[in-house]
1. In region A:1-13, how many are over 22 Å from residue B:90 (Cβ atoms), surrounded by 13 or more Cβ atoms within 10 Å (Cβ to Cβ) and of a type in the set (S, T, N, Q)?
2. Can you pull out every residue in region B:52-66 that is within 14 Å of chain A (Cβ to nearest Cβ) and either assigned to a loop (DSSP other than H, G, I, E, B) or buried (at least 20 other Cβ atoms within 10 Å of the Cβ) (or both)?
3. I'd like the full set of residues that are in contact with an Asp or Glu (Cβ under 8 Å, 6 or more places away or on another chain) and either more than 14 Å from every other protein chain (Cβ to nearest Cβ) or modelled with pLDDT under 90 (or both), limited to region B:98-113.
4. State whether the residues of region B:9-25 include one that is in contact with a Gly (Cβ under 8 Å, 6 or more places away or on another chain), in a loop (DSSP other than H, G, I, E, B) and of a type in the set (D, E, K, R).
5. Please work out which one of (1) in contact (Cβ under 8 Å) with a residue 40 or more places away in the chain; (2) in a loop (DSSP other than H, G, I, E, B); (3) touching a strand residue (DSSP E or B) at 6+ places or on another chain (Cβ under 8 Å); (4) of a type outside the set (Lys, Arg) is the condition residue B:34 fails and give its number.
6. So which residues in region A:58-73 are in a strand (DSSP E or B) and of a type outside the set (A, V, I, L, M)?
7. If you go through region A:9-57, how many residues are within 14 Å of chain B (Cβ to nearest Cβ) and assigned to a loop (DSSP other than H, G, I, E, B)?
8. Here is a check on your reading of the model: is residue B:41 at pLDDT 90 or above and of a type outside the set (Phe, Trp, Tyr)?
Amino acid sequence: DQQVKQNSPSLSVQEGRISILNCDYTNSMFDYFLWYKKYPAEGPTFLISISSIKDKNEDGRFTVFLNKSAKHLSLHIVPSQPGDSAVYFCAASANSGGGADGLTFGKGTHLIIQP
Amino acid sequence: EAGVTQFPSHSVIEKGQTVTLRCDPISGHDNLYWYRRVMGKEIKFLLHFVKESKQDESGMPNNRFLAERTGGTYSTLKVQPAELEDSGVYFCASSHNRLGELFFGEGSRLTVL
């Protein structure tokens with residue numbers, strides 16, 4: 001029973017265009033969401049996060065949007081650069097209780113930026 | 001500042017053998033987590049230490065897995081005896097507080113033959 005779903009295993013985007021990665025969740029207790037980026041043979045690195053009290057958080061080229069009613073979040077990268085090619089994991093936590101202490105991750109989306 | 005370090009980076013063992021994975025968190029981080037990623041699937045939570053105490057071990061698969069964090073510093077995760085389905089990448093992560101971002105190590109890849 002997957003509580004965090006990333007339905008696109010891979011996504012190919014041309015350099016300079018916008019990359020949109022999607023994530024859906026089922027657990028209504030989740031109140032904090034994060035995106036992690038992972039290169040091969042490395043551990044995930046934190047990218048950006050959003051609290052459930054917000055619907056948007058922006059950091060440079062990266063913006064995360066949260067739609068609580070739809071239990072959906074998305075990560076926008078604009079403009080996309082070759083170094084953005086990596087696997088992106090959506091993660092969620094129920095900081096105010098109701099679940100395991102750890103983050104619940106999706107399966108990841110492999111983003112490929114084409115020159 | 002050194003990041004989260006894990007050892008070994010890759011271990012190949014036979015079914016029935018024992019393996020011990022080690023994690024050194026970022027200095028000063030009280031929270032230490034173990035996660036596992038199996039065969040390109042999602043990264044799954046195993047357990048969470050706060051200092052030397054197990055805060056949550058609800059993700060541990062079974063009693064073949066034993067995690068310790070002596071003195072609240074480094075942590076070890078022992079698998080005994082290892083089974084084929086234990087193969088995967090074991091990630092350790094640490095954080096200063098329970099909320100917010102986790103800093104991950106590079107992972108220990110375990111292959112059980």
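1. Kept after step one, since they are over 22 Å from residue B:90 (Cβ atoms), are these residues of region A:1-13: A:1, A:5, A:7-13.
Okay, now just the ones that are also surrounded by 13 or more Cβ atoms within 10 Å (Cβ to Cβ), so A:5, A:8, A:11, A:13.
Then keep just the ones that are of a type in the set (S, T, N, Q); that gives A:8.
Going through region A:1-13 one residue at a time, the tally reaches 1.
2. First, the residues of region B:52-66 that are within 14 Å of chain A (Cβ to nearest Cβ): B:53-61.
The answer is B:57, B:58, B:59, B:60, B:61.
3. B:98, B:110, B:112, B:113
4. no
5. Residue B:34 satisfies all of (1) in contact (Cβ under 8 Å) with a residue 40 or more places away in the chain; (2) in a loop (DSSP other than H, G, I, E, B); (3) touching a strand residue (DSSP E or B) at 6+ places or on another chain (Cβ under 8 Å); (4) of a type outside the set (Lys, Arg) except (2).
6. Taking region A:58-73 as the starting set, the residues that turn out to be in a strand (DSSP E or B) are A:58-59, A:62-67, A:72-73.
Across region A:58-73, the qualifying residues are A:58, A:59, A:62, A:63, A:65, A:67, A:72.
7. Filtering region A:9-57 down to residues within 14 Å of chain B (Cβ to nearest Cβ) leaves A:9-10, A:23-27, A:30-53, A:57.
Now narrow it down to the ones that are assigned to a loop (DSSP other than H, G, I, E, B): A:9, A:26-27, A:30-31, A:39-44, A:52-53.
Total meeting the criteria: 13.
8. Details: at pLDDT 90 or above: no; of a type outside the set (Phe, Trp, Tyr): yes.
No: the conditions fail for residue B:41.
The values are calculated or read from the model by the stated rules, or taken from the named source; none is laboratory data. These figures come from a predicted structure and were not determined experimentally. Every residue, glycine as well, gets a Cβ built from its backbone with ideal geometry; the counts of neighbours run over all protein chains shown.
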